[in-house]
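The structure appears right after this line, and notes come after that.
The values are calculated or read from the model by the stated rules, or taken from the named source; none is laboratory data. A quick note: this is a predicted structure, and the numbers were derived from the prediction, not measured. Heads up, the Cβs are rebuilt from the backbone with ideal geometry, glycines too, and the neighbour counts pull from every protein chain shown.
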Amino acid sequence: MAGSDTPRQDDIPVDASATGDQPAGAADVPAVNSVSGDEGVGSAGPDRAVDPTAQDARTPAVTVRGTAAPSIRDVRLKIRRFLPEQDAEPHWETYTVPTEQGDRLLDAIHWVKWNIDGSLTFRRSCAHGVCGSDAMRVNGVNRLACKVLTKDLGDEVLLEPIKGLPVLKDLVVDMEPFFEAYRSVKPFLLPSPHEPTKERLQSAKDRERFDDTTKCILCAACTTSCPVYWSDDAYFGPAAIVNAHRFIFDSRDEGGEERLEILNTKEGVWRCRTTFNCTDACPRGIEVTKAIQEVKRALIFRRF
Amino acid sequence: MPKAPAGTLYRGHVGMWSWVAHRVTGVLVFFFLFAHVMDTALVRVSPDTYDKIVDTYKNPVVNLLEVGLVAAVLFHALNGLRIIAIDFWRKGTRYQRQMLYAEVTLFVILMVPAAFFMLRHTFLTLFGTA
């Protein structure tokens, strides 16, 4: 993987070329109107606003069973777009999307791509908050598009690529600097060199010690929310430190000292200014700043 | 090839803004100290010039700047204590917001009388009859 300039296989950008097979139903929705801010019932997806029983790929079965029409709300997605082939600068574009109560932000973005503009480019893979592909800046803060419901957002939603990494296209950024920092903390178990004669047992208490940092999905929401990382891309960033923490405090691991030395540099943990943006941004609820502070304290007191 | 987009301001929570305020007040205090060391050093060069310079400080604008200086030092000091707690207290990261709210409350409680007493003389000189 090192030095490779191709995107990771597991988060291939959802690109225009990748959507040859549209889901059934998307094709019979006319690619409507509703670019840039015009409102009203007419611009809402006609398939849903007019006929609640019409079933397309996105209408959940429950709305068909119900007698009342599902309440459709128009949300204006203002997306920071950048197509490197034609744009010199990124620009804003607004799309009006009809949404239902249970819709996730990712559904709304899909709706734009499938019904309005197929060139809209973003990453997503599992769409259930596990793969960590669709981190983006939603109304100014980093979120996973698949973990935010449109009902919790206003009528206008600002969408931007995550900050501090080079933008390749629309909402897709080059993740390589992020993964480079991740790899440099040796995020894997470094056992004792002696061949074990029995299973490496760990008590529940020892496992608990680093439980929080095992939850990381490498979405980069924390690292790209960090003001220090924006201005200094040599900084390891919160995600790399979180993943170092996961092994430093693992009782089965012998590489703690080694990792602490990697992080005991000008661009290591000491760059952290405890702004808590990372903790607020983490979609897995990891207390990122707490983990970084624990690494700092381990360095000061050499106790872990 | 790729470039960093301008985009909007990151809307971080209070933790981020306390950091911004800490930076801004720190730089302000630094600039004050720079000027202060310069004018105080003058007393060794020429006491008369020193007196003249200090006389130019006796006006309402500088009085307001003094209040600003106290505010900057006070915030920087209180927030510095909060950062020390975050660094060394095990539960510091979990209570950072509460500590910030306590800090801002304390800041207001201390700043109101400080500003009152510091500005009273200027106020009386400008508008007062006493």
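Do we find that residue B:7 is in a loop (DSSP other than H, G, I, E, B), within 14 Å of chain A (Cβ to nearest Cβ) and on the phi > 0 side of the Ramachandran plot in this structure? So residue B:7 passes the test.
Restricting attention to region A:120-160, the residues being more than 14 Å from chain B (Cβ to nearest Cβ) and of a type in the set (Lys, Arg) number 4.
Candidates B:72, B:77, B:102: the one that is buried (at least 16 other Cβ atoms within 10 Å of the Cβ), modelled with pLDDT of 95 or more and in a helix (DSSP H, G or I) is B:72.
Need at least 1 residues that are farther than 30 Å from residue A:145 by Cβ per element, so show me which helices (runs of 4 or more DSSP H) inside region A:182-267 make the cut, counting only ones lying wholly within it. Show your work before the answer.
Numbers: elements: A:204-209, A:227-231, A:238-248, A:256-263.
Qualifying helices (runs of 4 or more DSSP H): A:204-209, A:238-248, A:256-263.
In region A:167-193, the residues that are more than 28 Å from residue A:264 (Cβ to Cβ) reach residues that are among the basic types (Lys, Arg) and not in a helix (DSSP H, G or I) with C-beta atoms within less than 8 angstrom, at least six apart or across chains, in these pairs: A:167/B:3; A:170/A:80; A:170/A:81; A:171/A:80; A:171/A:123; A:172/A:123. Residue count for region A:290-303 under the criterion of being buried (at least 19 other Cβ atoms within 10 Å of the Cβ) and either more than 11 Å from chain B (Cβ to nearest Cβ) or without any contact (Cβ under 8 Å) to a residue 24 or more places away in the chain (or both): the result is 3.
Determine whether residue B:63 is at pLDDT below 95, buried (at least 16 other Cβ atoms within 10 Å of the Cβ) and either among the aliphatic types (A, V, I, L, M) or more than 28 Å from residue A:294 (Cβ to Cβ) (or both).
On the way: at pLDDT below 95: yes; buried (at least 16 other Cβ atoms within 10 Å of the Cβ): yes; either among the aliphatic types (A, V, I, L, M) or more than 28 Å from residue A:294 (Cβ to Cβ) (or both): yes.
Yes.
For the residues A:90, A:70, the requirement of being modelled with pLDDT under 95, under 24 Å from residue A:227 (Cβ atoms) and surrounded by 15 or more Cβ atoms within 10 Å (Cβ to Cβ) singles out A:90. Scanning region B:69-81 turns up one or more residues that are within 14 Å of chain A (Cβ to nearest Cβ) and without any contact (Cβ under 8 Å) to a residue 40 or more places away in the chain. Quick check: is even one residue across region B:37-52 in contact (Cβ under 8 Å) with a residue 24 or more places away in the chain and over 30 Å from residue A:163 (Cβ atoms)? No.
Only one of these is within 29 Å of residue A:228 (Cα to Cα) and touching a Phe, Trp or Tyr at 6+ places or on another chain (Cβ under 8 Å): B:102, B:21. Name it. I'd like the intermediate steps shown before the answer.
Values: B:102 fails: touching a Phe, Trp or Tyr at 6+ places or on another chain (Cβ under 8 Å).
Selected residue: B:21, the only one of B:102, B:21 that is within 29 Å of residue A:228 (Cα to Cα) and touching a Phe, Trp or Tyr at 6+ places or on another chain (Cβ under 8 Å).
Taken across region B:52-64, residues that are within 14 Å of another protein chain (Cβ to nearest Cβ) and of a type in the set (Ser, Thr, Tyr) do not occur at all. Within region A:100-112, is even one residue outside any loop (DSSP other than H, G, I, E, B), in contact (Cβ under 8 Å) with a residue 60 or more places away in the chain, crowded, with 18+ Cβ neighbours inside 10 Å and not aliphatic (A, V, I, L, M)? Yes, there is a match, as at least one residue in region A:100-112 is outside any loop (DSSP other than H, G, I, E, B), in contact (Cβ under 8 Å) with a residue 60 or more places away in the chain, crowded, with 18+ Cβ neighbours inside 10 Å and not aliphatic (A, V, I, L, M). Take the conditions (1) more than 14 Å from chain A (Cβ to nearest Cβ); (2) within 30 Å of residue A:298 (Cβ to Cβ); residue B:97 misses just one of them, which is (1).
Beta carbons closer than 7 Å, at least 6 apart along the sequence or on distinct chains, pair a first residue in region A:125-154 that is in contact (Cβ under 8 Å) with a residue 60 or more places away in the chain with a second that is outside any loop (DSSP other than H, G, I, E, B) and among the hydroxyl-bearing types (Ser, Thr, Tyr) for A:142/A:224; A:142/A:225; A:150/A:99.
Only one residue in A:137, A:183, A:200 is charged (D, E, K, R), exposed (fewer than 15 other Cβ atoms within 10 Å of the Cβ) and either on the phi > 0 side of the Ramachandran plot or at pLDDT 95 or above (or both), so which one is that? Among A:137, A:183, A:200, only A:183 is charged (D, E, K, R), exposed (fewer than 15 other Cβ atoms within 10 Å of the Cβ) and either on the phi > 0 side of the Ramachandran plot or at pLDDT 95 or above (or both). Surrounded by fewer than 20 Cβ atoms within 10 Å (Cβ to Cβ), within 14 Å of chain B (Cβ to nearest Cβ), on the phi < 0 side of the Ramachandran plot and in contact (Cβ under 8 Å) with a residue 60 or more places away in the chain: is that true of residue A:270 in this structure? The answer is no for residue A:270. In region A:271-304, the qualifying residues are those that are of a type in the set (D, E, K, R) and part of a loop (DSSP other than H, G, I, E, B), and the one that is modelled with the lowest pLDDT is A:303. State whether one or more residues within region B:17-38 are part of a helix (DSSP H, G or I), over 15 Å from residue A:275 (Cα atoms), of a type in the set (Gly, Ala, Ser) and under 22 Å from the mean Cα position of the chain (by Cα). Yes; the residues of region B:17-38 include at least one that is part of a helix (DSSP H, G or I), over 15 Å from residue A:275 (Cα atoms), of a type in the set (Gly, Ala, Ser) and under 22 Å from the mean Cα position of the chain (by Cα).
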